[in-house]
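The values are calculated or read from the model by the stated rules, or taken from the named source; none is laboratory data. Quantities reported herein were computed from a predicted structural model and do not represent experimental measurements. Counting neighbours? That spans all protein chains shown, and the Cβs are built from the backbone with ideal geometry, glycine included. Ligands, DNA and RNA are stripped out before the accessible areas are found, and what is left, the full protein with its side chains, is counted by its heavy atoms. Shrake-Rupley method; radii C 1.70, N 1.55, O 1.52, S 1.80 Å.
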Amino acid sequence: MSAPTGELPPHLLHVLPNAHSVELIGAFGGKLRHTLVTPDGALPEGLRASSYIKPANDFPALNGMKLPGRMQKLARAMTPFDLVLTHGPDALDVAMAHTMFKDVMNLPALIHHEDEPDAKRSMKLTWYRRIALGKSAGIVVPGERLEEAALVDWQQPIGRVKRISPGIDTKAFAKKPKRDGFRLIKHAGEMWVGAWPEDTDAEGLTMLLRAFAEMAPEWQLIILGEDIRTNAVDTEIDRLELVDRVYFLGIPRETSRVVGLFDIFVQTEPARVFPLHMAEAMAAGVPVLAVRDGEAEHLLAEANREWLFDKAAQSTLAANLRSFAEDKHRRSAIGEANRLRAVQELDKAKTTAAFRRLYASAMKREF
């Protein structure tokens, strides 16, 4: 039920919120009040202090010995709120304090969010999560890899783990961008293969260059992202005589103005985190060639999944590129299937609604 007239909106405590938290706060507007615990005590970029949004200036330190007195202070600091939202491993002490004192202090519900797998596998951290999340109302993960970790490694009940992907502005990506609206003009007759590799994926980029070298000269390779270009990559481009067909364009200010110009999108590494750029390509109606992993198999339209390839399978990638390049109808059909899949599963309005339902259910209060 909605709050009675004159009743203050529910008050949420955000511990180490991320960029997506800022988007959700904006989407929920004045229907909620927010207090944010951040590393530097300041509000994240994009938020301004108001009667509804403020920093938690007097919240206990998140780091320290896990002694009963400190955990009790953390628990006590949660009591004024209607819901506690914790983010990432650095907020786990708050979750542990919640588990320890929830019943004694009648603490509000807590929902924990994890966005990235741990950089290093740690049994100590794994065991700590198992205990710390023991009384949480939900654990939100964006994709298949973290969902498996939550269910298997952290041993959380299946009903507690909520898989909610980051939202995409599918309407913005569905608009065909202008050929001259980006720093590189797409000339008539040109076709673009696009990629946005991680900065650690030099091996995958080299494989892509070698596969791309077999394509017809009207095809150009557009590489987005930072810290991608290395001397070894430049040497390979020279060896393959691709200097006039490969472009490194950094990070675009508006991704929707370039991704829709791609005719094919390629991802050469298994996704470590949620593959946002693959999702954006889908929303733009672009067919995808990607390494076979749980994330790609879950995200992509069924028609696109048969084009997944095994890691380091350069010959398969080259063959798939040629097949897509030679069949415009196939590219269009698969791209449209991806776009529809993105609208159904990844649209920002739907993911925002999923978070609204989750938070309202935890509070037992609509907003």
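Data table
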quantity	calculated
The range 47-69: number of residues that are without any contact (Cβ under 8 Å) to a residue 24 or more places away in the chain and touching a Pro at 6+ places or on another chain (Cβ under 8 Å)	1
Identity of the residue in the range 59-74, under 18 Å from GLY134 (Cβ atoms) and part of a helix (DSSP H, G or I), that ends up most open to solvent (accessible area, probe 1.4 Å)	PRO68
Hey, GLY285 under 23 Å from PHE212 (Cβ atoms) and more than 20 Å from the chain's Cα centre (by Cα) or not	no
Which numbered condition LEU16 fails, given (1) among the aliphatic types (A, V, I, L, M); (2) in contact with a Gly (Cβ under 7 Å, 6 or more places away or on another chain); (3) surrounded by fewer than 19 Cβ atoms within 10 Å (Cβ to Cβ)	(3)
Residue check, ARG129 under 30 Å from GLU336 (Cβ atoms) and of a type in the set (Lys, Arg)	no
ALA77, sole failed condition from (1) of a type in the set (A, V, I, L, M, F, W, C); (2) over 30 Å from ALA271 (Cα atoms); (3) assigned to a helix (DSSP H, G or I); (4) open to solvent by 30 Å² or more (accessible area, probe 1.4 Å)	(4)
Complete set of residues in the range 348-367 that are under 19 Å from the mean Cα position of the chain (by Cα) and open to solvent by 30 Å² or more (accessible area, probe 1.4 Å)	LYS348, ALA349, LYS350, ALA353, ARG356
Verdict on LEU85 being under 27 Å from ALA149 (Cα atoms) and surrounded by 16 or more Cβ atoms within 10 Å (Cβ to Cβ)	yes
Residue check for THR268: within 13 Å of LEU224 (Cβ to Cβ) and open to solvent by less than 30 Å² (accessible area, probe 1.4 Å)	no
Helices (runs of 4 or more DSSP H) wholly inside the range 266-319 that include at least 1 residues being of a type in the set (S, T, N, Q) and at pLDDT 95 or above	302-305
Residue in the range 313-367 that is nearest to HIS298 (Cα to Cα), counting only those that are in contact (Cβ under 8 Å) with a residue 60 or more places away in the chain and acidic (Asp, Glu)	GLU345
Criterion violated by PRO157 - all others in (1) more than 17 Å from the chain's Cα centre (by Cα); (2) under 30 Å from VAL246 (Cα atoms) satisfied	(2)
Selected residue [surrounded by fewer than 24 Cβ atoms within 10 Å (Cβ to Cβ) and aliphatic (A, V, I, L, M)] from ALA284, ALA318, ALA290	ALA318
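Each row is one residue, and each column tells you yes or no for (1) of a type in the set (A, V, I, L, M, F, W, C); (2) free of Cβ contacts under 8 Å to residues at least 24 places away in the same chain; (3) open to solvent by less than 40 Å² (accessible area, probe 1.4 Å); (4) in contact with a strand residue (DSSP E or B) (Cβ under 8 Å, 6 or more places away or on another chain).
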| site | (1), (2), (3), (4) |
| --- | --- |
| ILE164 | yes, no, yes, yes |
| GLY167 | no, no, yes, yes |
| ALA174 | yes, no, no, no |
| PRO177 | no, no, yes, no |
| PHE182 | yes, no, yes, no |
| LEU209 | yes, no, yes, yes |
| ALA213 | yes, no, yes, no |
| LEU221 | yes, no, yes, yes |
| ASP227 | no, no, no, no |
